[in-house]
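To start, the structure under review is shown below, and the notes come after it.
The values are calculated or read from the model by the stated rules, or taken from the named source; none is laboratory data. Note that this is a predicted model, so its numbers are computed, not measured. Heads up, the Cβs are rebuilt from the backbone with ideal geometry, glycines too, and the neighbour counts pull from every protein chain shown. What goes into the accessible areas is simple: the full protein's heavy atoms, side chains included, and nothing from ligands, DNA or RNA. Shrake-Rupley method; radii C 1.70, N 1.55, O 1.52, S 1.80 Å.
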Amino acid sequence: MRFSCMSEPDNTQEGLRWLRFSHEDLAAAQAMASDDQAQPRHVCWLSQQAAEKSVKALLVIHGVDFPRSHDLDFLSRLLPTNVGMEFLVADLDLLTEWAVEARYPGDWPEAGPEDAARALSEAMKVVRRAEAYFHPRPPDPRV
């Protein structure tokens, strides 16, 4: 199944909706990260989800139809080149792994606190990049 985009004004509103969901996932991941009783794998999964929804927010605003996929590298390559290049600062492959490995038992080691901290850090990079696109800041005159 592919998600299809709407008209341009609708794209902005729908993109902001995706970004809001991204922020909610990131806030949940941050809350869990500070809870000693929370499982690190949940932080990893919510971090991946926050990053994924941020990338999809940008796809929506640019009117790019996208398939159901959790592969952040693949999704970021669907973005216009000047937008997609901004995500090279984050480890998208690391986050993509948590789309499945954090949710299901398998032949991989379970996430630990270090994995959770790294996933949260990488997700924050992606969310900040998407947020900056929707809410650009004026240049700092001191620079």
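Of all accessible surface on the stretch 1-121 at a 1.4 Å probe, what whole percent is carbon and sulfur? Display every interim value, and only then the final one.
Details: 3430 of 6590 Å².
Carbon and sulfur: 52 percent of the exposed surface of the stretch 1-121.
Please report the relative contact order for the stretch 40-102, taking Cα pairs under 8 Å with a sequence separation of at least 6, and give it as a percent rounded to a whole number. Let's see the in-between values first.
Working: 50 pairs, mean separation 28.5, N = 63.
Relative contact order here is 45 percent.
Could you give the dipole magnitude of the chain about its Cα centre, charging the beta-carbon of Lys and Arg +1 and that of Asp and Glu -1, in debye to the nearest 20? Could the numbers behind the result be given before it?
Numbers: 15 positive and 23 negative charges, 106 e Å.
Dipole size: approximately 520 debye.
Please compute the Kirkwood hydrodynamic radius of the chain from all pairs of different C-alpha atoms, in Å with one decimal. So the Kirkwood estimate lands at 15.5 Å.
Roughly what angle does helix 8-33 make with the longest principal axis of the chain, taking Cα atoms, 0 to 90 degrees, to the nearest 10? Taking the Cα atoms of the chain, the angle to 8-33 is about 20 degrees. Ordered from largest to smallest accessible area (heavy atoms of protein chains, 1.4 Å probe), the residues PHE134, PHE21, PHE66 come out as PHE21, PHE134, PHE66. To the nearest Å, what is the center-to-center distance of the stretch 29-51 and the stretch 67-130, using C-alpha atoms only? Spelled out, the Cα-based centre of one part sits 13 Å from the other.
Under a 5 Å amide H cut-off, with hydrogens placed 1.01 Å from N, PHE66 pairs with PHE3 among residues at least 5 apart or on other chains.
So for the chain, averaging the separation of alpha carbon pairs under 8 Å that are six or more residues apart and normalising by length, what relative contact order in percent results? Don't jump to the answer; show the numbers that get you there.
On the way: 200 pairs, mean separation 45.5, N = 143.
That works out to 32 percent.
Taken per residue, the accessible surface of the chain reaches 58 Å², heavy atoms only and a 1.4 Å probe. Compute the long axis of helix 92-101 from its Cα atoms, compare it with the longest principal axis of the Cα atoms of the chain, and write down the angle in degrees, 0 to 90, nearest 10. That works out to roughly 50 degrees. Judged by the mean number of other Cβ atoms found within 10 Å, the most tightly packed of the peptides 52-59, 32-39, 71-78, 110-117 leads the ranking 52-59, 71-78, 110-117, 32-39. The C-alpha atoms of the chain define a longest principal axis, and helix 113-134 lies at about 10 degrees to it. Most tightly packed first, judged by the mean number of other beta-carbon atoms within 10 Å of their residues, the peptides 95-103, 118-126 read 118-126, 95-103.
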